[in-house]
1. Among the residues of the stretch 310-337 satisfying the criterion of being in a helix (DSSP H, G or I), touching a residue at least 40 places away in the same chain (Cβ under 8 Å) and within 16 Å of the ligand (Cβ to nearest atom), which is surrounded by the most Cβ atoms within 10 Å (Cβ to Cβ)?
2. What residue, of Thr480, Thr486, Thr494, is within 23 Å of Val116 (Cα to Cα) and away from the ligand (no atom under 16 Å from the Cβ)?
3. Of all residues in the stretch 25-46, how many are touching a helix residue (DSSP H, G or I) at 6+ places or on another chain (Cβ under 8 Å) and loosely packed, with under 15 Cβ neighbours inside 10 Å?
4. Anything in the stretch 451-510 that is among the charged types (D, E, K, R) and closer than 30 Å to Ala262 by Cα? List them, or say none.
5. I'm checking my understanding of the structure. Among residues of the stretch 84-129 that are touching a Ser or Thr at 6+ places or on another chain (Cβ under 8 Å) and among the small types (Gly, Ala, Ser), which one is farthest from Trp165 (Cα to Cα)?
6. Among Ala52, Ala56, which is the only one that is surrounded by 22 or more Cβ atoms within 10 Å (Cβ to Cβ), more than 25 Å from the chain's Cα centre (by Cα) and assigned by TED's automatic domain parsing to the domain that holds Met115?
7. Evaluate the stretch 130-145: report whether one residue or more is among the basic types (Lys, Arg) and part of a loop (DSSP other than H, G, I, E, B).
8. Go through the stretch 74-129 and give me each residue that's in contact with an Asp or Glu (Cβ under 9 Å, 6 or more places away or on another chain), surrounded by fewer than 24 Cβ atoms within 10 Å (Cβ to Cβ) and outside any helix (DSSP H, G or I).
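The values are calculated or read from the model by the stated rules, or taken from the named source; none is laboratory data. Only a predicted model underlies this, so the values are computations on that prediction, with no experimental measurement involved. Virtual Cβ from ideal backbone geometry, glycine too; neighbours counted across all protein chains shown.
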Amino acid sequence: MAETTLLATWQGEHFIDGRWLCGGELFENMNPARYREVLGLYPRGAGREADAAVAAARKAFAAWRRTSRLKRGELFLRLAGLIQRDCDTLATVLARESGKVLNEARAEVIEGLHMVEYVFGTARQPTGQVVESEIEAKDLYVRRKPRGVVAVITPWNFPFAVPLWMLGPSLLEGNTAVFKPSEETPEIGQRLVRLFEEAGFPPGTVNLLHGLGEEAGDALARHPDVDVICFTGSFEVGQHIRRLCAESDRKTCACEMGSKSAVIVCEDARLELALSATLLSAFKTTGQRCVSAGRVLVHRRLLEPFARELVARARQLKFGDPFDPASFAGPLINQAAVDKVQFYNKLAVQEGAQVLLAGGRAEEGELAEGYFMRPMIYLQEHGADKRTIREEVFGPHLAIIPFDDDAQAISIYNDTPYGLSMAVITEDYRRWRLYRDECEYGMGYVNLPCIGAEVHLPFGGVKRSGNGQPSAAALVDSVTHRTAFTVNHELGITMAQGMSAATPGHAGRRDA
Ligand code: NAD
């Protein structure tokens with residue numbers, strides 16, 4: 001704390017079994033746009049607090065899973081009203097601690113609201129299936145049961161919407177939850193949990209555990225009484241969580257992780273559309289979206305005009321104060337993120353990139369007080385040994401990679417360990433169908449940026465981007481278990497597949 005100006009206005013507390021608790025060691029929440037400014041102090045939870053939070057969630061599960069699904073859903077209607085009431089404040093808090101520009105922070109709050117509305121709306125939807133049996137007198141049902149205690153571990157870059165993608169479906173289905181927000185954005189997580197409390201969710205159904213990933217997050221992920229881990233974050237942490245689950249005898253996980261997403265500009269693309277889609281995909285949120293494009297694949301015929309105009313427009317983008325309406329995007333989240341981008345910027349040069357826009361730290365005036373960076377754009381031929389066009393940078397760092405035909409573009413697109421998001425820019429309906437079917441991704445777009453999500457769709461990737469358990473609307477599959485339930489309506493027993501039901505003294509006869 002030595003070098004910082006202590007302007008702490010926010011006080012963090014855990015929320016366990018319906019009570020707000022503080023104490024023990026604290027950690028600081030810093031403002032990424034003014035890195036000497038402490039925004040708040042939060043308790044550094046670990047094993048003991050994780051035990052208490054999981055025990056509270058387990059205790060609450062018994063009654064919550066028996067509560068009518070419609071009653072659970074109605075609490076989400078109340079929650080929606082509270083989010084609408086507080087929308088401006090929530091957006092301000094989100095912008096301050098994440099560095100997102102205000103308009104984008106507001107859009108995220110609205111995305112979270114949409115999830116809450118969606119959850120309320122689905123409460124009255126059928127949840128199971130009635131299936132025919134080969135035996136006329138049997139009725140077969142498929143019913144979803146909640147899995148139990150869900151640990152929700154979330155990243156800093158969508159600190160309001162992503163927790164709701166996970167908490168919403170988990171709670172509606174009758175699970176209880178322990179939510180561990182990112183240590184970079186604890187305040188917005190805490191504000192969200194206060195709204196759950198105000199909406200009337202019973203004590204223990206939603207618990208909040210603050211702390212560092214390797215302490216609180218790890219204790220939660222290892223906890224033997226957690227049934228499901230819903231994780232969104234980096235591949236490295238997600239892989240650690242997947243290993244823990246593989247070793248456990250009960251725990252499952254839904255992991256959404258990083259990417260090396262791309263925009264593909266085909267020979268017939270409209271240049272204007274391609275340029276806007278690329279700028280939004282690569283540099284919105286300062287390249288810190290999971291779906292941010294680190295690559296734009298451009299047909300060689302369009303390469304020269306596209307690259308020239310892209311660089312000219314990227315120079316005009318304003319990376320500045322999140323509260324200045326003229327800012328296109330804000331700072332990076334922390335010093336480690338700056339170091340990582342600088343490392344990849346240098347590596348690109350070492351790997352033979354032709355630099356078109358140098359990028360680097362922005363240090364003019366007030367920008368020197370935050371983690372601001374300018375965008376780097378470079379031309380790079382695809383090659384198997386180039387790390388910068390395969391690894392996630394998570395910052396304003398964009399490779400333009402030329403291609404000669406669709407088959408080559410598809411093979412370049414697929415040649416990374418990730419598979420999250422892909423946008424193809426073309427006027428040809430045959431062409432986009434080819435990309436739709438041959439590229440490896442979770443979210444595909446035509447004539448749009450490769451960013452942007454709507455909550456009633458699944459959200460998740462393949463390969464290193466996800467473990468096949470998408471989030472948002474599709475999370476229901478990860479937080480419920482589908483049980484088969486069979487009822488016999490005749491007085492005797494008839495087995496399926498022609499198997500005899502005869503037992504001593506009973507040959508499958510009906511009772512008198
Ligand atoms: P991160 O992996 O560093 O942290 C994510 C969460 O995991 C945080 O809450 C952190 O405290 C916790 N954590 C860290 N170490 C842990 C451990 N050992 N055990 C348990 N929990 C631990 O990620 P981040 O920097 O917050 O977010 C950026 C990353 O998230 C990027 O890679 C981005 O692509 C990815 N992301 C993916 C999606 C998606 O839907 N695929 C969405 C948003 C972000």
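1. Just the residues of the stretch 310-337 that are in a helix (DSSP H, G or I), to begin with: 310-316, 335-337.
Narrowing further to those that are touching a residue at least 40 places away in the same chain (Cβ under 8 Å): 310-311, 314-315, 335, 337.
Then keep just the ones that are within 16 Å of the ligand (Cβ to nearest atom); that gives 335, 337.
Numbers: Gln335: 12, Ala337: 23.
Result: Ala337.
2. That would be Thr480, the only listed residue that is within 23 Å of Val116 (Cα to Cα) and away from the ligand (no atom under 16 Å from the Cβ).
3. Taking the stretch 25-46 first, the residues touching a helix residue (DSSP H, G or I) at 6+ places or on another chain (Cβ under 8 Å) are 29, 31-36, 39-40, 42-46.
Restricting the remaining residues to those that are loosely packed, with under 15 Cβ neighbours inside 10 Å gives 36.
Residues that pass the stated criteria total 1.
4. Narrowing the stretch 451-510 to residues among the charged types (D, E, K, R): 454, 463-464, 477, 482, 490, 509-510.
Answer for the stretch 451-510, where residues must be among the charged types (D, E, K, R) and closer than 30 Å to Ala262 by Cα: Glu454, Lys463, Arg464, Asp477.
5. So in the stretch 84-129, the residues touching a Ser or Thr at 6+ places or on another chain (Cβ under 8 Å) come out as 94, 97-102, 104-105.
Imposing the further condition that a residue be among the small types (Gly, Ala, Ser) reduces the set to 98-99, 105.
On the way: Ser98: 18, Gly99: 21, Ala105: 16 Å.
Looking at residues that are touching a Ser or Thr at 6+ places or on another chain (Cβ under 8 Å) and among the small types (Gly, Ala, Ser), I get Gly99.
6. From the options Ala52, Ala56, the qualifying one is Ala56.
7. The initial filter retains those residues of the stretch 130-145 that are among the basic types (Lys, Arg), namely 138, 143-145.
Restricting the remaining residues to those that are part of a loop (DSSP other than H, G, I, E, B) gives none.
No, the stretch 130-145 contains no residue that is among the basic types (Lys, Arg) and part of a loop (DSSP other than H, G, I, E, B).
8. Matches in the stretch 74-129: Ala123, Thr127.
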